[in-house]
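Novice: Dumping the structure here so I can ask a few things about it.
The values are calculated or read from the model by the stated rules, or taken from the named source; none is laboratory data. This one's a predicted model, so the numbers in the text were calculated from it and none came from an experiment. FYI the Cβ positions are ideal-geometry reconstructions off the backbone, even for glycines, and counts take in every protein chain you see. Side chains are part of the model used for accessible areas, which takes the heavy atoms of the whole protein and leaves out ligands, DNA and RNA. Shrake-Rupley method; radii C 1.70, N 1.55, O 1.52, S 1.80 Å.
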Amino acid sequence: MIDLKTLTIRKAHEHLKKGDFSARELAENYLAEIEKKNPELNAYLEVFGDVLEQAGAADEKIKNGGGGVLLGIPFATKDNILIKGRRAGAASKILEGYVATYDATVIKKLKEAGAIFLGRANMDEFAMGSSTENSSYGVTKNPHDETRVAGGSSGGSAAAVAADLALAALGSDTGGSIRQPASFCGLVGLKPTYGAVSRFGLMAMGSSLDQIGPLAKTVGDAEIIFNAIRGQDSMDSTTISEKTYSVENLPKKFVIGVPRDFLGEGVDKKVLENFEAGLKKLQQTGAEIRDIELPNIKYSLPVYYIIMPAEISSNLARFDGVKFGAKISGANLLEDYMKTRGQLFGKEACRRIIIGTYVLSAGYYDAYYNRAVAVRKLIADDFKKVFASGVHAIATPTTPSPAFKIGEKTSDPLQMYLADIFTVTANITGLPAISIPSGFAASVDKQLPLGFQLQAPRAREDILFEIGKKFEKI
Amino acid sequence: MMANGMIYLMLKLEEIEKLAKLARLEIPAEEKETLRKEVGEILEYLGQIQKLSPKEPPKEAGLVRNVFRDDREPHPSGEFTEALLANAPDKEDGYIKVKKIL
């Protein structure tokens, strides 16, 4: 038996290279864990039937001395990322039966690197949610406490890695959907700079906000995956090149900004204590902690929950029962649309489509959408000013509370939205952000993981990795 | 709908029905009232951005500029037709089939 608990990508790579175990044996170990734990956790919607063949191909390459660090590494991928010839459904009934006709760019890159795809991970329908409770195929449970959510929307990806059902995973992050589940499950989660990773082959949710990124056990593993999937792509015109933003050398001494005014109300006491302890850790690494002001940050959540549904109402218009997926037939074409969409989209998808339609409709457009776009600019300018003043990264908790109970927030959508308070800013501003495990909050009989979030200037993932690695060591 | 500079947020059931129709969503009758209440509460929360000074910063082209790829090297006609059509719920003779609209 391979000790999966302590395994990282880097370690697995060394073992594969030395021949301590084969890619096939590694994959078999993960498949055995999946068989044991997935029925209860519901992290995977589907486990692929050809995992051992994929691993066999990787072993061939290892034998021939080829391949990089990801060769033979088993991944879980979120159900909204396309792999050619395989089912993809964004955990929605409206895509029942849909088979991807091409590889997403991130998949193409991982395939070239020799990664193994174990299966598609559960998520909130079309990535809308913070708990995976909006999946059409049941909630994903938190491996640290099965009465609690794994977070969302990439909850399946997070639970899979946390329970050793995959060594690493891909998720997508529109308002925290990688970082929040990473925090709830005790993992590292990275939301790259807007444009750093191609979204070609990712089902669009909020196109001005979406990014694909890794969920992994260590900062080093997240960095390996990020370097493998990043880069300009002619199939996604929003991708950036290495020249898009100027990047300076890493500073000798890091200055970490803390927006104190933003950390009071509605934040769990244990989360705040853990955050203060995190800041102390950073001080021990020689970093300076500086109080900063981001005057408009309090408007981040309303801005996000206007812009995101507006983009959803437009992006989800393509699901109409004509081109792909499932269809419910009516008396005429209009009824086909109405029934297919009305009956096959879940409640949260309908809610957000309605809100998006409202904020974009004549009469409300200026008061909501236009205003939100203007405030978005104010928030981005606040961050720019802070970074220009010599701050290298901004620290907050990742979430205002540890993982909540299954069902706790399902009857109150607004309460669910508030779980995203610290994560949405990075999507609004396009900044890279990382969540790093920072310890635990004790509940009655369980230890619930907490996360420490850092945001850096655009294209400065290197700062996040550098500080993150120091943070991990203490 | 403006009262005291704030948007008046009690949504009417007819408004939900109109929005649902625009968005091509058939909402079951028993869910409309819940939706009206939830959407109303959410919009009220979102309305707090109205409190900010109404002076909007000038619009500008984003930092991330749109870059179009060259339109060249097209794939052979029909290369993907079969795979794409396989996903369509209704098809006939290499076409997607829909109900007539006239």
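Novice: Could you look through segment B:53-102, keep only residues that are open to solvent by 100 Å² or more (accessible area, probe 1.4 Å) and among the hydroxyl-bearing types (Ser, Thr, Tyr), and pick out the one that is modelled with the highest pLDDT?
Specialist: B:95
Novice: So, residue A:406, is that one within 21 Å of the chain's Cα centre (by Cα), of a type in the set (Val, Ile, Thr), at pLDDT 95 or above and within 15 Å of residue A:306 (Cα to Cα) or not?
Specialist: No, not satisfied.
Novice: Please determine, by comparing only the residues of segment A:28-67 that are free of Cβ contacts under 8 Å to residues at least 60 places away in the same chain and of a type in the set (Lys, Arg), which one is farthest from residue A:148 (Cα to Cα).
Specialist: Result: A:63.
Novice: Something else now. Would you check which residues across segment A:333-366 are assigned to a helix (DSSP H, G or I), more than 7 Å from chain B (Cβ to nearest Cβ) and not polar (S, T, N, Q) and list them?
Specialist: Once the filter is applied, which keeps residues that are assigned to a helix (DSSP H, G or I), more than 7 Å from chain B (Cβ to nearest Cβ) and not polar (S, T, N, Q), segment A:333-366 yields A:334, A:335, A:344, A:347, A:348, A:349, A:352, A:356, A:359, A:366.
Novice: Out of all the residues in segment A:367-390, which are surrounded by fewer than 17 Cβ atoms within 10 Å (Cβ to Cβ) and either more than 9 Å from chain B (Cβ to nearest Cβ) or among the charged types (D, E, K, R) (or both)?
Specialist: A:381, A:384, A:385, A:388, A:389, A:390
Novice: Next question, about the same structure. With a cut-off of at least 2 residues that are in contact (Cβ under 8 Å) with a residue 60 or more places away in the chain and of a type outside the set (Lys, Arg), name the strands (runs of 3 or more DSSP E) lying wholly within segment A:208-315.
Specialist: The strands (runs of 3 or more DSSP E) meeting that bar are A:211-216, A:255-258.
Novice: Going by the conditions given, is residue A:443 more than 14 Å from every other protein chain (Cβ to nearest Cβ), small (Gly, Ala, Ser), over 21 Å from residue A:299 (Cβ atoms) and out of contact with any Phe, Trp or Tyr (no Cβ under 6 Å at 6 or more places or on another chain)?
Specialist: For residue A:443, the condition - more than 14 Å from every other protein chain (Cβ to nearest Cβ), small (Gly, Ala, Ser), over 21 Å from residue A:299 (Cβ atoms) and out of contact with any Phe, Trp or Tyr (no Cβ under 6 Å at 6 or more places or on another chain) - is met.
Novice: Now, a different point. Every residue in segment A:2-20 that is under 25 Å from residue A:186 (Cα atoms) and assigned to a helix (DSSP H, G or I), please.
Specialist: Passing the criteria: A:9, A:10, A:11, A:12, A:13, A:14, A:15.
Novice: Could you please give the count of residues in segment A:400-429 that are buried (at least 23 other Cβ atoms within 10 Å of the Cβ) and small (Gly, Ala, Ser)?
Specialist: Residues in segment A:400-429 being buried (at least 23 other Cβ atoms within 10 Å of the Cβ) and small (Gly, Ala, Ser): 3 in total.
Novice: Take residue A:213 and decide whether it is over 17 Å from residue A:121 (Cβ atoms), more than 13 Å from chain B (Cβ to nearest Cβ) and open to solvent by less than 10 Å² (accessible area, probe 1.4 Å). Show your work before the answer.
Specialist: Working: over 17 Å from residue A:121 (Cβ atoms): no; more than 13 Å from chain B (Cβ to nearest Cβ): yes; open to solvent by less than 10 Å² (accessible area, probe 1.4 Å): yes.
In short, no.
Novice: Another one. Identify the residue in segment B:70-98 that is part of a strand (DSSP E or B) and of a type in the set (D, E, K, R) and, among all such residues, is nearest to the other protein chains (Cβ to nearest Cβ).
Specialist: B:91
Novice: Follow-up. Just one of the numbered conditions (1) more than 7 Å from chain B (Cβ to nearest Cβ); (2) in a loop (DSSP other than H, G, I, E, B); (3) open to solvent by 20 Å² or more (accessible area, probe 1.4 Å); (4) modelled with pLDDT of 95 or more is not true of residue A:327; which one?
Specialist: (1)
Novice: Turning to a different aspect of this structure: What's the number of the only condition in (1) open to solvent by less than 90 Å² (accessible area, probe 1.4 Å); (2) in a helix (DSSP H, G or I) that residue A:36 fails to meet?
Specialist: Residue A:36 satisfies every listed condition except (1).
Novice: Let me ask you something else. For segment A:430-441, enumerate the residues that are more than 30 Å from residue A:245 (Cβ to Cβ) and either open to solvent by less than 20 Å² (accessible area, probe 1.4 Å) or of a type in the set (Phe, Trp, Tyr) (or both).
Specialist: The initial filter retains those residues of segment A:430-441 that are more than 30 Å from residue A:245 (Cβ to Cβ), namely A:439-441.
Listed by number, the residues that qualify are A:440, A:441.
Novice: Here's something else I'd like to know. How many residues are of a type in the set (Lys, Arg) and crowded, with 24+ Cβ neighbours inside 10 Å when one looks only at segment A:295-312?
Specialist: Matching residues across segment A:295-312 total 0.
Novice: Can you tell which of A:278, A:266 is touching a Pro at 6+ places or on another chain (Cβ under 7 Å), among the small types (Gly, Ala, Ser), within 30 Å of residue A:442 (Cβ to Cβ) and away from chain B (no Cβ under 11 Å)?
Specialist: A:266
Novice: Can you tell me which condition residue A:343 does not meet? The list is (1) open to solvent by less than 60 Å² (accessible area, probe 1.4 Å); (2) over 27 Å from the mean Cα position of the chain (by Cα); (3) within 23 Å of residue A:88 (Cβ to Cβ), and all the others hold.
Specialist: (1)
Novice: Just give me the residues in segment A:23-33 being open to solvent by 40 Å² or more (accessible area, probe 1.4 Å) and either of a type outside the set (D, E, K, R) or assigned to a loop (DSSP other than H, G, I, E, B) (or both), in sequence order.
Specialist: The answer is A:31, A:32.
Novice: Has segment B:1-16 got any residue that is modelled with pLDDT under 65, open to solvent by less than 70 Å² (accessible area, probe 1.4 Å) and part of a loop (DSSP other than H, G, I, E, B)?
Specialist: Yes; the residues of segment B:1-16 include at least one that is modelled with pLDDT under 65, open to solvent by less than 70 Å² (accessible area, probe 1.4 Å) and part of a loop (DSSP other than H, G, I, E, B).
Novice: Of the conditions (1) over 30 Å from residue A:356 (Cβ atoms); (2) surrounded by 19 or more Cβ atoms within 10 Å (Cβ to Cβ), residue A:247 clears all except one; give me its number.
Specialist: In the conditions (1) over 30 Å from residue A:356 (Cβ atoms); (2) surrounded by 19 or more Cβ atoms within 10 Å (Cβ to Cβ), residue A:247 misses (2) alone.
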